[in-house]
1. Provide Phe272, Phe11, Phe196 ordered by accessible surface of protein heavy atoms (probe 1.4 Å), highest first.
2. How much of the accessible area of the stretch 190-272, probe 1.4 Å, is carbon plus sulfur, in whole percent?
3. Name the shape class, rounded, prolate or oblate, that the alpha-carbon gyration tensor gives for the stretch 140-228, where a ≥ b ≥ c are the square roots of its eigenvalues, rounded holds for a/c under 1.5, and otherwise prolate holds if a/b is larger than b/c and oblate otherwise.
4. Sequence-distant or interchain residues sharing an amide H contact under 5 Å with Thr34, placed H: which?
5. Over the stretch 163-222, average the accessible area per residue using a 1.4 Å probe and give it in Å², no decimals.
6. If the chain between Val221 and Ser191 were fully stretched, how many nm would it gain, using 0.36 nm times the residue separation less the Cα-Cα distance?
7. Rounded, prolate or oblate: which one fits the stretch 132-185, using the alpha carbon gyration tensor with axes a ≥ b ≥ c (rounded when a/c is under 1.5, else prolate when a/b beats b/c, else oblate)?
8. Could you check the spin-label model distance between Thr199 and Thr154? Points 7 Å from the Cα along Cα→Cβ, value in nm.
Amino acid sequence: MTLDHDALREFATGYAFGTLDAPERAAFEEHVRTCVECQQDVRDALRLAEGLGQSVEPQALPSDLRERVLRAATSWGRDTLPFVAPPARTTTRTGAGRVAPWLALAASLAALVAGTAAWTEHRRALDALADAALARQQAAAAERALMTLQANVTETRRAVQILSASDVDRVDLKGQAAAPRAAGRAFWSASRGLMFTATDLPPLPQGRIYQLWYVTGAAPVSAGLITPDASGQVNTIIAPSAPVRPRAFALTIEPEGGVPAPTGAMYLVGSF
């Protein structure tokens, strides 16, 4: 049975009250494992059912009912049987044709106990489904957090390798007319790579990106594409790629995807 969310959601009340047939129940249980909205609908239906049960006014039982039932039970098999009025519309009889009201009462009590047990198991099954869905969500969040942590550890290790390299050089980059408040710093190692940081970079226009350049004696060489965060900050590690020791670094804004040679205004510039 393949149904969409809206159709399956209509099964929530029937699921809570145990009135679905086998295919409907199987389809709904498969769906409710991952649907928080339907889980809440079933909880609401269960609370409604409990409220209906609690809304019935309790009725006092006859004071001599217990004694009468016990007398009837112990008299089974005798020629005379004390009269106990049977429940309305109930006619339970023995093989000899005698009315056995205590047997009807016992059957009713057994049905009540069985129904209560089934209701309890139903609630437990629903709670287990909700707990399983929550556990899956928490596991996915934990996995994403672990991946982020691993990426941060890797970046930190690469930064330490560059900063501690024997051939590392530092270059300070100053903001140009297009971004006078911006500032940057490059730590370049021919053997380990480049660590670049910047602050107060202007927001990027739609369809544009920052591009960092190695400025060499022959021509600028692209070092990489850079996207600052919402505050205009950048912290990035770039693998060694300059064919020769650069003379300077420059940052421009270029079309998204980058260009082979700078075309835009300079935002940051710094030389050795």
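The values are calculated or read from the model by the stated rules, or taken from the named source; none is laboratory data. Nothing here was measured: the structure is a model prediction, and the numbers come from that model. As a convention, Cβ positions derive from the backbone with ideal geometry for all residues, glycine included, and neighbour counts pool all protein chains shown. In case anyone asks, the SASA skips ligands and DNA or RNA and just uses the protein heavy atoms, side chains included. Shrake-Rupley method; radii C 1.70, N 1.55, O 1.52, S 1.80 Å.
1. Values: Phe272 85, Phe11 35, Phe196 0 Å².
Sorted descending by solvent-accessible area, the residues read Phe272, Phe11, Phe196.
2. Values: 2180 of 4070 Å².
So the carbon and sulfur contribution to the accessible surface is 54 percent.
3. Details: a/c = 2.07, a/b = 1.22, b/c = 1.70.
Taking the square roots of the gyration eigenvalues as a ≥ b ≥ c, the stretch 140-228 is oblate.
4. Distant-sequence amide H within range of Thr34: zero hits.
5. Numbers: 3040 Å² over 60 residues.
About 51 Å² of surface per residue is accessible.
6. Numbers: separation 30, 0.36 × 30 = 10.80 nm, distance 1.74 nm.
My answer for the length gained is 9.1 nm.
7. Numbers: a/c = 9.53, a/b = 1.94, b/c = 4.93.
Cα axes put the stretch 132-185 in the oblate bin.
8. Label-label distance for Thr199 and Thr154, simple model: 2.9 nm.
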